[in-house]
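The structure appears right after this line, and notes come after that.
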Amino acid sequence: MHSIRYIQKIKKRGPFGIPYTALVIRVAHVDERNWQRLKRRPFSLSRMLIY
């Protein structure tokens, strides 16, 4: 099992209703077959969910 770390933008609202964007680090766990397919390529969640 391998882990891929990626950054996701999440839209939030501040205490006075002012919108802002927060960057959150997420972790995706992939098996060996998908690791070989995704290795050394730009990571995208949609590419990981193809199979």
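The values are calculated or read from the model by the stated rules, or taken from the named source; none is laboratory data. Given the structure is predicted, the values throughout are model-derived calculations rather than measurements. So basically every Cβ, Gly included, is an ideal-geometry build from the backbone, and we count neighbours across all protein chains shown. Just the protein is used for accessible areas: all its heavy atoms, side chains included, with ligands, DNA and RNA removed. Shrake-Rupley method; radii C 1.70, N 1.55, O 1.52, S 1.80 Å.
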Complete set of residues in the range 37-49 that are surrounded by 10 or more Cβ atoms within 10 Å (Cβ to Cβ), in a helix (DSSP H, G or I) and modelled with pLDDT under 70: 45, 47, 48
Every residue from the range 8-36 that is open to solvent by 100 Å² or more (accessible area, probe 1.4 Å), of a type in the set (Val, Ile, Thr) and part of a strand (DSSP E or B): 25
Filter result (in contact with a helix residue (DSSP H, G or I) (Cβ under 9 Å, 6 or more places away or on another chain) and aliphatic (A, V, I, L, M)) within the range 22-41: 28, 30, 38
